[in-house]
Structures are given as structure tokens and as C-alpha cells.
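Novice: Let me begin by handing over the structure; questions about it come next.
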Amino acid sequence: MGTIPAFVLMFVAVALLVYVGVLYNGLIALRNDIDKAWANIDVVLKQRHDELPRVLDVCKGYMQYERETLQHLVEMRAKYETARTIPEKTQASSDLSASVQRFFATAENYPELKANATFLELEKRITELENQIADRREFYNDVINLFNTRICQMPDRLVSSALGMKPRTMFHVTASEKTPVRVVVPTR
């Protein structure tokens, strides 16, 4: 009679270990999905970052009255370059996106520039990259939402607490990105 309770106890212990292992593996997979999603965003941010000097070079000759707009874009690009952490990169990327929007809105005032084939090609490329960033932000936020939900729910909370897992921050739209672009017509 003594072997049956010991067998049941051993079965329960093994089942509990397997269950904890499944929870652990699920949380690790989500954490890795977050890192992968961020890496995918970072790749597109780098592509946009690398395209901007070409746009600036094309526009310098046309937009001589827009020094402030061009300078702001250069500063936001430099801010992204120096960002190291994900929150810093997120903020810098959002500021750069807002600056790019203002820049292209201002370019509308320059018909000669808008007729330049190189500028049109670069504008299309940057717009495509901005759309890719938006798509990848959405996926990133979905994975973070799932991760944050899982680490707060029982029984995952027990495993995540033991591992020191903390909620991650989503990629939010900044106030500068929400502000409507105001185009000022330059006086020549």
C-alpha cells in the first residue's frame, strides 16, 4: 500500500515540474519574440537613418530658405545615432519620424524640388520605410502586450517573479508625432 501514495506523489511532482517548465519556456519564447521584434524595427530604423543624408543632399540646393527645417532633421538623426537603450531609441525614432513628416510637408512648397526624380524616389523610399516601421511597431506592441499580460497572470506570475521578469514598455506615439504638421510658406 505504501508504494501507491509514493507513486502518486512522484507523478504529481513530475507533472508540476513539467508544467512549470512549459510556463518557463513560453515566457522565454515571448521574451525572445520581443527582442526579435525590436531587432526588426531597428533594421528599418537604420535603413531610414541611412537614406536621410541622400534626401538632405538633394534638397539643400532647393530649400535654401528652410535652414531650420533641415537643421532639425539633422539634429533628430544625430539624436537617433547616439541613442543606446530601447526607450532612448524609441523616443529618438518618434522625434525623427515627426521631423521627417515636417520636412516632407515643407518640401511641398518647392515645385522644382517636387519635380526632381531623385527626390521623388527618395521620398517614396522613406515613406515605405515609415510604413514598415509602423507595421513592425504594431507587431512589437502585440508581443509586449502578450508578455506583460502573461507575467501578471497566475500561474505565470510565479515563474516570472522567480526569474525577475518585469513588464516591458510599448512603442508609443509621441506628442510630436501627434501634432499636425504646419507648413509655413517661405518668403523669398
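Novice: Residues being open to solvent by 50 Å² or more (accessible area, probe 1.4 Å) and in a helix (DSSP H, G or I): count how many of those fall in region 62-76.
Specialist: 6
Novice: Mind checking which residues of region 107-134 are under 19 Å from Glu68 (Cβ atoms) and surrounded by 15 or more Cβ atoms within 10 Å (Cβ to Cβ)?
Specialist: Ala107, Asn109, Tyr110, Leu113
Novice: Can we say Asn25 is open to solvent by 20 Å² or more (accessible area, probe 1.4 Å), closer than 30 Å to Gly164 by Cβ and touching a helix residue (DSSP H, G or I) at 6+ places or on another chain (Cβ under 6 Å)?
Specialist: No: the conditions fail for Asn25.
Novice: Report whether or not Val14 is over 36 Å from the mean Cα position of the chain (by Cα) and β-branched (Val, Ile, Thr).
Specialist: yes
Novice: May I ask you to list the residues in region 145-154 that are open to solvent by 30 Å² or more (accessible area, probe 1.4 Å) and touching a Leu at 6+ places or on another chain (Cβ under 8 Å)?
Specialist: Leu146, Arg150
Novice: Please go through (1) under 17 Å from Pro53 (Cα atoms); (2) part of a loop (DSSP other than H, G, I, E, B); (3) not acidic (Asp, Glu) for Arg84 and return the number of the only condition it doesn't satisfy.
Specialist: Every condition holds for Arg84 apart from (1).
Novice: Sticking with this one: Could you list, in sequence order, all residues of region 96-122 that are aliphatic (A, V, I, L, M) and in contact (Cβ under 8 Å) with a residue 40 or more places away in the chain?
Specialist: Leu96, Ala98, Val100, Ala105, Ala107, Leu113, Leu122, listed by residue number.
Novice: Hey, another quick one. Looking at (1) open to solvent by 50 Å² or more (accessible area, probe 1.4 Å); (2) at pLDDT below 90; (3) under 28 Å from Lys36 (Cβ atoms), which is the one condition that is false for Val100?
Specialist: Result: Val100 fails condition (1) only.
Novice: Oh, and also: Could you list, ordered by first residue, the pairs with Cβ atoms under 8 Å in which the first is in region 54-75 and over 20 Å from Glu121 (Cβ atoms) and the second is surrounded by 15 or more Cβ atoms within 10 Å (Cβ to Cβ) and among the aliphatic types (A, V, I, L, M), at least 6 apart or interchain?
Specialist: Qualifying pairs under 8 Å: Thr69/Met63; Val74/Leu56.
Residue-wise test of (1) crowded, with 18+ Cβ neighbours inside 10 Å; (2) at pLDDT below 90; (3) among the basic types (Lys, Arg).
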site	(1), (2), (3)
Lys60	no, yes, yes
Ser93	yes, yes, no
Ala105	no, yes, no
Val143	yes, no, no
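Novice: Can I ask one more? Which condition breaks for Arg157 when tested against (1) modelled with pLDDT of 90 or more; (2) exposed (fewer than 14 other Cβ atoms within 10 Å of the Cβ)?
Specialist: (2)
Novice: Out of all the residues in region 40-53, which are among the β-branched types (Val, Ile, Thr) and either buried (at least 16 other Cβ atoms within 10 Å of the Cβ) or in contact (Cβ under 8 Å) with a residue 12 or more places away in the chain (or both)?
Specialist: Ile41, Val44
The values are calculated or read from the model by the stated rules, or taken from the named source; none is laboratory data. The shown structure was predicted, so the numbers you read here are calculated from the model rather than taken from an experiment. As a convention, Cβ positions derive from the backbone with ideal geometry for all residues, glycine included, and neighbour counts pool all protein chains shown. Side chains included, ligands, DNA and RNA excluded: accessible areas come from the protein's heavy atoms. Shrake-Rupley method; radii C 1.70, N 1.55, O 1.52, S 1.80 Å.
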